[in-house]
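One structure is given below, encoded as structure tokens.
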Amino acid sequence: MEYVVKVVEYVNTFLWDYALLILLLGAGIVFTCSLRFIQVRKFKKGMKKLFGEFSLHGKNGENGLSSFQALTTAIAAQVGTGNIAGAATALASGGPGAIFWMWVSAFFGMATIYAEAVMAQHTRKTDNAAIVGGPVYYIKYIFKGKFGIFLAGFFSVAIILALGFMGNMVQSNSIGAAFSNAFHINPLLVGICVAIVAGVIFIGGIKRIARVTEKIVPLMAFLYIVGCLIILCMRLPAVGGALKSIFVGAFLPQSVAGGVLGVTVQKAMRYGVARGLFSNEAGMGSTPHAHATADVKDPCDQGIIAMMGVFIDTFIILTLTALVILSTGVLGNGMTGAELAQSAFNVGFGSFGKVFIAVCMLFFAFTTIVGWYYFGEVNVRHLFGEKAIKLYGVLVVICVVIGSAMKVELVWNMSDMFNGLMVLPNLIALLACIKVVLKITKDYEDKNK
């Protein structure tokens, strides 16, 4: 077992500290330049679409989900415990400057996720009256023959293990730990309750999943944002200093808290980019499964609204978490991850901080479980057919229960590893599809001049 732990840690270090930073950031830069900074040019249109779709979110598409439902299903997976623990980990390891590099990675990631959503829409299929799409479909679209089959199969196995099983064990563990800490409830009981509710949602398929996410995601985002803003208003004099430390720490970490932590510019960049990409999932191949189901007039319409998911995840929710941690002065107290974030909210809300974080963890982690289940389901259907879906759902429910009450460090590390591995076939195919993305985008822009 010790050997397995070391191998997993080595692979994760290589993937997340080096290979994926270059590949994901590089792909984001390529798509940004090729698409002429589409995340800037279409940002206003994306916000209009977002609020326009929100006002119509109860209306399903004729042949799939509404664009808003597809977006909230994607955000359900993007906005998870990583938005609380991820920002805290980046700050603890890379200093305040890591947040600046999170913004940089998210900016370029918006172009990557646009390409993912466009290709997911362009290559989607109808399977047993259900619309399905995602990386396996555009991998086989661009790569014919055995190579395409191998890449698609490799991606499917990686995402089922990373998200459907191991990832969901970690998410339920986060809920169990938070409720145990705040209310002294047995984590296993919490896990059983979460599993039952999740199982009922799973049975209803993507339509039921979308109806749940379109209601919970706006609520959870509103609850968390309001909580953060209350603390920031209470600590208003420190907010300016927190923002300054982010910009100074990105280039001169020795001048701020990073100096105490022994942080260099390289560390700030490394942890900021890695945690940012891991949180918003741009380029990882997960969210295209949701965007493929949207009933839109043109693939580019969903590509534009997909970019808003990265903006909400990183520029709003992750940034607010970081500002709360920095303005409450808890950075450098020896804590990291969710513990550091919880410490910050305790400073702001007193003993209520634990309760607030527990409720937010419930919303964040539960919606991620639902979103990740669906992403795995699409790939189970691709590999094994419709009959395997019920068995997959049962296994996910069991993982949720088991994960709630166990120490999951190895499971979390293995989830990280398979998350990283699934990026490789996705990015290879996505970059190979760049001419297709550019043509679809050009036709769309010519049509809408």
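The values are calculated or read from the model by the stated rules, or taken from the named source; none is laboratory data. Please read all numbers here as calculations on a predicted model, not as lab measurements. Using ideal geometry, Cβ is built from the backbone for each residue, glycine included, and neighbour counts are taken over all protein chains shown. Heads up: the accessible areas ignore ligands, DNA and RNA and are worked out on the full protein's heavy atoms, side chains in. Shrake-Rupley method; radii C 1.70, N 1.55, O 1.52, S 1.80 Å.
In table form, for the structure just shown:
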| quantity | calculated |
| --- | --- |
| Percent carbon-and-sulfur accessible area, the chain, ignoring ligands, DNA and RNA, probe 1.4 Å | 69 percent |
| Where 122, 289, 184, 382 fall by accessible area, highest first, once all protein chains stay in place (1.4 Å) | 184, 122, 382, 289 |
| Probe 1.4 Å, protein heavy atoms only - accessible area per residue of segment 119-227 in square angstrom | 42 Å² |
| Reach of residue 6 by Cα under 19 Å, taken over lysines that are not fewer than 8 positions away in the same chain | 407 |
| Check: the chain dipole with +1 on Lys, Arg Cβ and -1 on Asp, Glu Cβ, in debye | 920 debye |
| Charge dipole of segment 259-404 about the Cα centre (unit charges at C-beta), most positive-ward option of 336, 395, 268 | 336 |
| Förster-model FRET efficiency, 60 Å R0, residue 149 and residue 189, C-beta, rounded to 0.05 | 0.85 |
| For a label point 7 Å along the Cα-to-beta-carbon line of residue 29, residues of segment 268-287 with backbone N under 16 Å | 269-270, 273-274 |
| Cβ-Cβ FRET estimate between residue 449 and residue 17, R0 fixed at 25 Å, reported to 0.05 | 0.05 |
| Dipole magnitude of segment 188-297 about its Cα centre (Cβ charges: Lys, Arg +1; Asp, Glu -1), debye to nearest 20 | 60 debye |
| 26 Å Cα-Cα threshold exceeded, pairs from 140/449; 49/442; 44/297 | 140/449 |
| Computed lengthening from residue 352 to residue 264, 0.36 nm per intervening residue step minus Cα-Cα distance | 28.1 nm |
| Calculated FRET value between residue 48 and residue 229, using beta carbons and R₀ = 22 Å, to 0.05 | 0.40 |
| Cleavage-rule hits (GluC sites (Glu not before Pro)) in segment 322-427: DSSP loop, at most 13 neighbouring Cβ within 10 angstrom | 386 |
| Most positive-pole-ward Cα, 289, 327, 39, against dipole of the chain from beta carbon charges | 39 |
| Unsatisfied cross-links (Cα-Cα over 29 Å) in the set 387/439; 125/390; 144/439; 45/390 | 387/439; 45/390 |
| Once the Cα gyration tensor of segment 311-368 is diagonalised, semi-axes √(5λ) in Å | 18, 15, 10 |
| Residues with amide H under 5 Å from that of residue 65, placed H, sequence gap 5 or more | 294, 295 |
| Along each principal axis, Cα extent of segment 1-42, largest first, Å | 51, 14, 9 |
| 5 angstrom amide H check on residue 127, placed H, neighbours 5+ away | 132 |
| Among (1) 136; (2) 149; (3) 127, the entry derived from the coordinates for volume of the Cα convex hull per residue in Å³ | (1) |
